[in-house]
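Notes for the one structure printed next.
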Amino acid sequence: MSSGEIGESTQSVKWQIPYAYHRFWPRMRAFAVPTFYDGRVRINLQGRERDGVVPLEEYEQACREVVNAARACRNPRTGRELVADVTLLRAEDPMDPDGPEADVQLVWDGVADSLEHPDVGTIGPFPYRRTGGHRRDGFLFLAGPGIERHDLGERDALDVTPTILALLGRKPTADVEGTTVLRPESIDGAHRG
């Protein structure tokens, strides 16, 4: 295969539970798309999806239905709500061809292997096949010659890549999000060390 050709993906998502329902997506108002940590739901929007069923004027209502259904779910092992946070990823323009792959992002409150909904009942348990992932409350330790010891408090995970690039003496390209967490004097010291 030459460098410009697109081949078959080597990173299949077929093992993920949402994929088991992919043949039903054309008939559903909304469907979960495979993801590794946060929940992602796409509205089956007319004019955007090949087999869209939700008219554009019902888009906001369909998003609310997804959010309300998710917020009604509880972890049957703890009794706590499953959803910690919700973001409407395409609220500005659901028809944007370059927009995110999902319309609704659900951030889970911890890890659950099943859910309980007041109307549907209990679903699961299902296998939890992921041993790790990215979370908003992670941490970063840096050590090396010329890097001063200090606590920079909470920062965005997107700042990791620009920080590593700064330590390597490289400037991030335009598509790299975030900013370095290092102070300029730390970067200079790391280059000298």
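Each value in this text was obtained by applying a stated rule to the coordinates, not by laboratory testing. Everything numeric here is computed off the predicted structure, so don't read it as measured data. Note that we place each Cβ from the backbone using ideal geometry, even for glycine, and neighbour counts take in every protein chain shown.
List of remarks:
- When you filter the trypsin sites (Lys or Arg not before Pro) in region 43-74 for DSSP loop state and at most 16 other Cβ atoms inside 10 Å of their Cβ, you are left with R50.
- Amide H contacts under 5 Å for L82, placed H, 5+ residues apart: C73, R74, N75
- In order along region 159-167, phi translates into HN-Hα couplings of 7, 5, 4, x, 5, 4, 4, 4, 5 Hz, rounded to whole numbers, per the Karplus curve 6.51 cos²θ - 1.76 cosθ + 1.60 with θ = phi - 60° and x for Gly and Pro.
- Counted residue by residue at 0.36 nm each, then reduced by the alpha carbon distance between them, the extension gain from A69 to H22 reaches 14.9 nm.
- Fewest-first sequence of E65, E177 by Cβ atoms within 10 Å of each Cβ: E177, E65
- In Å, descending, principal axis extents of the Cα set of region 17-123: 41, 27, 25
- FRET efficiency, 1/(1 + (r/R0)^6) with R0 35 Å, evaluated for V176 and E49 via beta carbons: 0.70
- Taking amide H atoms as placed 1.01 Å from N in the peptide plane, the amide H of L45 lies under 5 Å from those of V53, V54, each 5 or more residues away in sequence or on another chain.
- Residue order, fewest to most surrounding Cβ atoms within 10 angstrom, among F126, F139: F139, F126
- The loop-placed chymotrypsin sites (Phe, Trp or Tyr not before Pro) in region 25-96, going by DSSP, that have at most 15 neighbouring Cβ atoms within 10 Å of their Cβ come out as F36, Y37.
- Per-residue ³J(HN,Hα) for region 27-35, Karplus 6.51 cos²θ - 1.76 cosθ + 1.60, θ = phi - 60°, Hz, x for Gly and Pro: 9, 8, 5, 8, 8, 6, 9, x, 7
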